[in-house]
Amino acid sequence: MKRRNFLVFSALGITSVAIPIWYYKYRPLSYDGLTLEPEYLSHIMDEQSIYDLGSLYREQTPGERSERELLSLLPAQDETSNDALLAEIRKDITVDYENDDVICIDGWILSKTEARQCALFSLNHKS
Amino acid sequence: MHIDARKLPNQSEITGDICIVGAGAAGISIALDWMNRNYKVILLEGGGFEYDDEVQELYNGKTSGQKYFPLKSARLHYFGGTTGHWAGMCAPMDDLDFKKRDWVPHSGWPITKKDLDPYYAKAQETLQLGPYNYDFEYWRKELPDLNPFPFDKNVVWNKMWQFSIARFGKEYKKPVVKSKSIHLYTYANAVELRLDDTKKRISEIKVANHSGKNHTVRAKHFIMACGTIQNARMLLASNTQTNKGIGNQNNLVGRYFQEHLEVASAELWLAKQFPTDLYSWSYGETKASAELAIAESVQREYKMLNGTASLRPLRIAQYTKPRMETWQDSDPRKSADNMFANWREAAKKGEKETGNIEHAYSLSTRIEQAPNPNSRITLGSEKDSLGVPRANLHWELTALDKYSVRKIYQILGKQAGLSEFGRIRLNEFLRDENDPTFPDSTNGGWHHMGTTRMSDDPKKGVVDANCKVHGVSNLFIAGAACFPTSGAPNPTLTLTALSLRLSDHLKGLV
């Protein structure tokens with residue numbers, strides 16, 4: 001193989017591996033707005049409070065500070081409808097409370113799922 | 001019959017079959033139980049029928065440890081005792097309260113709730129309450145709108161309360177004064193208990209008053225019923241014949257002082273109004289209401305103390321100052337005025353609040369204090385105006401107390417979330433799980449218990465299962481001083497029941 005061809009094929013090979021990896025890691029994320037909205041908390045507190053809770057959660061929970069990390073722990077976004085996604089989130093919240101998978105943030109005793117929703121909310125809104 | 005001890009000739013000798021020292025809920029309940037019997041019952045009251053500051057001053061003493069109310073204003077010193085201004089909240093202790101719990105050091109009574117049940121029923125009458133029935137389902141049928149929160153009954157249950165408006169001073173003055181068998185002596189302060197030569201019987205009690213009169217009371221049996229602090233003080237101060245005081249051979253008198261911790265601990269926020277009258281209370285109107293209590297199996301699982309949570313609208317509660325702050329005047333009348341003024345102000349401010357807070361509650365804990373030998377009454381170096389050393393209180397709480405308060409709200413938080421009913425927010429003092437301390441704003445309930453605790457073993461308690469002082473054949477203690485553990489409910493119903501049980505026991509002795 002000529003030197004020139006070798007370089008071209010090598011570059012193509014690297015690119016064919018790197019682009020999917022890069023895309024997987026840094027692709028623009030899209031997800032349903034429902035994931036951002038802790039349903040029950042939105043009835044009892046304002047957006048600023050949800051934002052503050054989310055920020056605190058991210059501070060005290062290493063490994064759950066980015067959108068990507070949080071989304072990987074929240075219900076999958078491939079639900080066919082809003083209702084299905086909402087039902088999935090509600091179910092996860094109930095399971096959290098059943099399993100004692102709760103966290104105390106600023107005194108609030110919250111399910112991990114709704115705390116993650118707050119955290120995601122805080123990444124998508126300004127204080 | 002009523003005799004003012006100030007008007008008796010000095011050095012009078014008073015004799016009777018039984019002598020009850022103290023005319024509060026315990027003492028009057030026993031006296032009434034002997035009203036129609038052919039015995040002479042001497043009932044000694046240090047004060048008169050009305051508030052007298054000179055007499056009240058005898059209750060003064062120093063406090064240390066956890067911040068406490070001024071001792072002078074923590075009880076009332078006249079006929080009727082502290083029922084003169086009590087709130088009247090009554091509920092029996094739970095079965096578990098009487099049991100030995102391996103996670104609660106020094107727990108366990110030598111009697112069971114079953115032993116006390118007949119006397120609880122009788123105490124209901126003395127306290128002018130409804131039937132001896134504290135079952136939620138019973139009251140739900142009796143009263144409208146007692147809608148319970150949708151919590152798992154196996155975890156959180158509705159502990160019912162009834163409410164007395166009986167002020168013993170007003171209610172029972174007439175029958176006591178008219179009684180032929182009860183000889184009520186007012187202004188007759190016990191200042192010393194004297195043993196006979198065997199040192200195993202009380203031979204007499206010395207009484208005194210501010211008119212300079214000193215009298216002697218002789219009886220077959222003596223019952224100390226002057227309150228948890230004063231009972232211990234009198235036993236300790238009667239130390240001229242025994243160095244340590246009477247009944248104190250094992251250095252237990254005064255120890256294990258317990259209070260109910262009553263402290264605003266959390267908030268419950270609901271998405272919408274929940275119409276119910278189950279958890280609210282209005283003095284003189286409410287017949288029965290509930291507090292949220294933790295099931296026995298859950299207490300066992302988490303190794304926690306027994307406590308409940310009461311509810312108040314947060315919009316008002318947020319402006320209510322801790323009683324430990326408003327009740328700091330040594331004059332109980334002024335402290336009461338301060339407290340009520342704050343309550344009125346809080347209600348006024350709270351009425352203006354709107355929004356989500358309209359469906360939020362403040363949750364207040366009411367919980368037993370873990371028995372602690374270092375939480376205690378001792379004698380001070382200063383003497384009162386009748387020459388008796390003053391009582392000092394060192395109130396000491398433990399990590400188990402703090403853990404248990406926090407645990408109640410963690411359990412409620414889980415229940416509120418599970419049922420999608422609401423969310424709980426812990427108050428700041430509960431958020432750090434490594435902090436075992438309580439803030440100065442922690443209230444007691446003015447419930448003094450435990451300084452002459454009950455045990456079959458003289459090395460573990462001052463009185464036996466019949467409230468007789470170990471080692472002294474004719475000396476008994478009536479009241480909450482005998483409680484080995486304090487349970488969650490206010491003590492008056494239980495101390496009245498226990499006093500009536502003692503009264504029955506005495507009937508078999510005279």
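What pairs come up if the first residue lies in segment B:342-363 and is away from every other protein chain (no Cβ under 14 Å), the second is modelled with pLDDT under 95 and open to solvent by 40 Å² or more (accessible area, probe 1.4 Å), and their beta carbons are under 8 Å apart, counting only those six or more places apart or on different chains?
Close Cβ pairs (under 8 Å, with a partner that is modelled with pLDDT under 95 and open to solvent by 40 Å² or more (accessible area, probe 1.4 Å)) do not exist here.
Going through segment B:1-22 one residue at a time, which ones are touching a Phe, Trp or Tyr at 6+ places or on another chain (Cβ under 7 Å), surrounded by fewer than 22 Cβ atoms within 10 Å (Cβ to Cβ) and in a loop (DSSP other than H, G, I, E, B)?
Within segment B:1-22, B:Arg6 is the sole residue that qualifies.
So if I check each of B:Thr126, B:Thr112, which one is of a type outside the set (A, V, I, L, M, F, W, C) and farther than 15 Å from B:Pro491 by Cα?
B:Thr112
Across segment B:414-423, which residue is nearest to B:Ser362 (Cα to Cα) among those that are within 7 Å of chain A (Cβ to nearest Cβ) and open to solvent by less than 40 Å² (accessible area, probe 1.4 Å)?
B:Arg423
B:Ile411: within 14 Å of another protein chain (Cβ to nearest Cβ), in contact with a Leu (Cβ under 9 Å, 6 or more places away or on another chain) and either at pLDDT 95 or above or open to solvent by 10 Å² or more (accessible area, probe 1.4 Å) (or both), yes or no?
Criteria not met by B:Ile411.
List the number of the failed condition for B:Val510; all other conditions in (1) open to solvent by 30 Å² or more (accessible area, probe 1.4 Å); (2) modelled with pLDDT of 95 or more; (3) away from every other protein chain (no Cβ under 14 Å) hold.
(2)
So which residues in segment A:76-103 are within 14 Å of chain B (Cβ to nearest Cβ) and among the hydroxyl-bearing types (Ser, Thr, Tyr), if there are any at all?
Within segment A:76-103, A:Thr94, A:Tyr97 meet the criteria.
Residue by residue, here is whether (1) within 22 Å of B:Thr494 (Cβ to Cβ); (2) in contact (Cβ under 8 Å) with a residue 60 or more places away in the chain; (3) open to solvent by less than 10 Å² (accessible area, probe 1.4 Å) holds:
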{"residue": "B:Gly24", "(1), (2), (3)": "yes, yes, no"}
{"residue": "B:Ser29", "(1), (2), (3)": "yes, yes, yes"}
{"residue": "B:Met35", "(1), (2), (3)": "no, yes, no"}
{"residue": "B:Leu43", "(1), (2), (3)": "yes, yes, yes"}
{"residue": "B:Asp53", "(1), (2), (3)": "no, yes, no"}
{"residue": "B:Gly65", "(1), (2), (3)": "no, yes, no"}
{"residue": "B:Ser73", "(1), (2), (3)": "no, yes, yes"}
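Hey, can you tell me all the residues within segment B:347-388 that are among the hydrophobic types (A, V, I, L, M, F, W, C) and part of a helix (DSSP H, G or I)?
Answer for segment B:347-388, where residues must be among the hydrophobic types (A, V, I, L, M, F, W, C) and part of a helix (DSSP H, G or I): B:Ala347, B:Ile357.
Kindly check whether there is at least one residue in segment B:433-456 that is farther than 30 Å from B:Tyr409 by Cα, surrounded by fewer than 24 Cβ atoms within 10 Å (Cβ to Cβ) and out of contact with any Lys or Arg (no Cβ under 7 Å at 6 or more places or on another chain).
yes
Quick check on my filter: what residues within segment A:73-103 are open to solvent by less than 50 Å² (accessible area, probe 1.4 Å), of a type in the set (A, V, I, L, M) and not in a helix (DSSP H, G or I)?
A:Leu74, A:Val102, A:Ile103
Is it fair to say B:Arg431 is among the charged types (D, E, K, R) and in contact (Cβ under 8 Å) with a residue 40 or more places away in the chain?
In short, no.
Yes or no, residue by residue, for (1) at pLDDT below 95; (2) in a strand (DSSP E or B); (3) closer than 30 Å to B:Leu236 by Cα; (4) within 14 Å of chain A (Cβ to nearest Cβ):
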residue	(1), (2), (3), (4)
B:Arg425	no, yes, no, yes
B:Phe429	no, no, no, yes
B:Asp432	no, no, no, yes
B:Pro436	no, no, no, no
B:Pro439	no, no, no, no
B:His447	no, no, yes, no
B:Thr451	no, no, yes, no
B:Pro458	no, no, yes, no
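If you go through segment A:104-115, how many residues are open to solvent by 30 Å² or more (accessible area, probe 1.4 Å) and more than 10 Å from every other protein chain (Cβ to nearest Cβ)?
1
The values are calculated or read from the model by the stated rules, or taken from the named source; none is laboratory data. Everything quoted here is computed from the prediction, not taken from an experiment. Note that each Cβ is placed from the backbone with ideal geometry, even for glycine, and that neighbours are counted across all protein chains shown. With ligands, DNA and RNA removed, areas are computed over all heavy atoms of the protein, side chains included. Shrake-Rupley method; radii C 1.70, N 1.55, O 1.52, S 1.80 Å.
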